[in-house]
Amino acid sequence: MIAKSKILIPVFAALFLLLLGIQVYFMYKTYQVKERDIYRSVNDGLTNYTDNLEDIQEAKERNDDSLQEIIIQYHNKEINKKDFLRYFIENRKSARERLIHYIDSRYQKDGYEISARIRYLSIVHLPDSSKVITEPIVIFETQDKLKNPRIASNGSWETSTTKRDDTETGQVEKKNTFLVKTQTDFEIRNIKSIVFKELTLLIICCIILLSGVLLLYIFTIRNLIQQQKQVEVLHNIVDNISHEFKTPIATLKIASKALKKEWNPETLPLIDRQISRLESLMFQLHKDEIPDEMTAIQPEDWNFFIQDLSVTYPTTDFKLENTVSQELPFDKNLMETVIKNLCENSVKYGASVITIHVRNGSQQLEFEVSDNGQGMETKELNNIFEKFYRIQNNNIHNSKGLGLGLYFVKKIITNYGGKIEVSSHLHTGSTFKILIPYEN
């Protein structure tokens, strides 16, 4: 179940990233469409207005040949370029003013900041196709210059000198005809803020959607982590208790055999202690946790621990030096687990003599377990407290076990805020020193 849930994490993450990518792409395309619509609307308005201006200007110039005359003079090099440009721009002053008024009245009230520019791209003398100007003339430009102009419209119109002949037909004769090509550019400087303002509701909805999916993802991950922690706690308890069951069961078997052979007054207390230990382990198994009510360890309990080990391992010499003379604020069952796991580990790796020193110093419990077993290499010392770790020679485990004994020792000592030190020499033996602080 947990393995399947772990697979869901990357799948969920991939789907969320996919959804995020779709939302970003959707917002980007929506932004582009909205930007084009705004530019198209402004473009249509400016184009229609400038076309009307050109129509008005053309109609005016049919009745007023002053512009025609100045173009002819410049074409014939009767005036210089500076005078030509000055007159040409002043001639369009009224049209520029109308365009400024149109932009201010039409778009500023909508919050648009528009930069516009009108240029005459070319003036060509049609009879000989000669160019009157060699570069564009700016007829109108707003105070804010264009940075990224968009072409609004291109147009052209003709100016000429007209004369009606005296014949009966009265035909109109055109002389000195000039073709003027114009271009209107514009830019909306605050286009981004306008688009985002119009898309505010859509952006908020997308953020809410993504936030909801993300919160659901986080909630799912948190639940999965909690479930994994609960399963891990359950596994630790089961591993611990299954490991702890072995010693009392073995001791009870030996005690049962001793009773069958002959009566021994020390056998019944030994059986009682092991039964109590089994009851404590069963209590932990059913409660899925260590009992809240701790059984404090008494000075004589250390002796009982070693006596039980002596019965279980009769071929091993256990030497105890116990100078503790008071009750200590440590759980009896946990301390028994520490002592017995260390001693059983020594027996497992060939120790025939195990020495145990127990004493309480200045507000700390000190005990030391030394053996004459096969010892360990220095490189192994950093790994022996890992769960399920077992020392092996030539990739073969020479001793039976699950690799849990020293793991539980380290865990218990750490929970009490203590520390454990190990020194070992190959073929000589090992020594475990433990210090656990406590308050009276």
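The values are calculated or read from the model by the stated rules, or taken from the named source; none is laboratory data. This one's a predicted model, so the numbers in the text were calculated from it and none came from an experiment. All Cβ positions, glycine included, derive from the backbone under ideal geometry; neighbour counts span all protein chains shown. Just the protein is used for accessible areas: all its heavy atoms, side chains included, with ligands, DNA and RNA removed. Shrake-Rupley method; radii C 1.70, N 1.55, O 1.52, S 1.80 Å.
Residues in region 165-177: is at least one surrounded by fewer than 17 Cβ atoms within 10 Å (Cβ to Cβ) and modelled with pLDDT of 75 or more?
yes
Filter region 309-338 down to residues that are within 56 Å of the chain's Cα centre (by Cα) and open to solvent by less than 50 Å² (accessible area, probe 1.4 Å), then give me how many there are.
Residues in region 309-338 being within 56 Å of the chain's Cα centre (by Cα) and open to solvent by less than 50 Å² (accessible area, probe 1.4 Å): 13 in total.
Let me confirm something: among VAL124, VAL195, VAL180, which residue is modelled with pLDDT of 80 or more, out of contact with any helix residue (DSSP H, G or I) (no Cβ under 9 Å at 6 or more places or on another chain) and among the hydrophobic types (A, V, I, L, M, F, W, C)?
Of VAL124, VAL195, VAL180, the one residue that is modelled with pLDDT of 80 or more, out of contact with any helix residue (DSSP H, G or I) (no Cβ under 9 Å at 6 or more places or on another chain) and among the hydrophobic types (A, V, I, L, M, F, W, C) is VAL124.
Is it the case that some residue within region 139-157 is open to solvent by less than 90 Å² (accessible area, probe 1.4 Å), among the charged types (D, E, K, R) and at pLDDT 75 or above?
Yes, because at least one residue in region 139-157 is open to solvent by less than 90 Å² (accessible area, probe 1.4 Å), among the charged types (D, E, K, R) and at pLDDT 75 or above.
Does region 315-322 include one or more residues that are at pLDDT below 85 and not β-branched (Val, Ile, Thr)?
No, there is no match, as no residue in region 315-322 is at pLDDT below 85 and not β-branched (Val, Ile, Thr).
Could you grab the pairs with beta carbons closer than 6 Å, sequence gap of 6+ or different chains, first residue in region 200-212 and of a type in the set (Lys, Arg), second one open to solvent by 50 Å² or more (accessible area, probe 1.4 Å)?
If the second residue must be open to solvent by 50 Å² or more (accessible area, probe 1.4 Å), no pairs are left.
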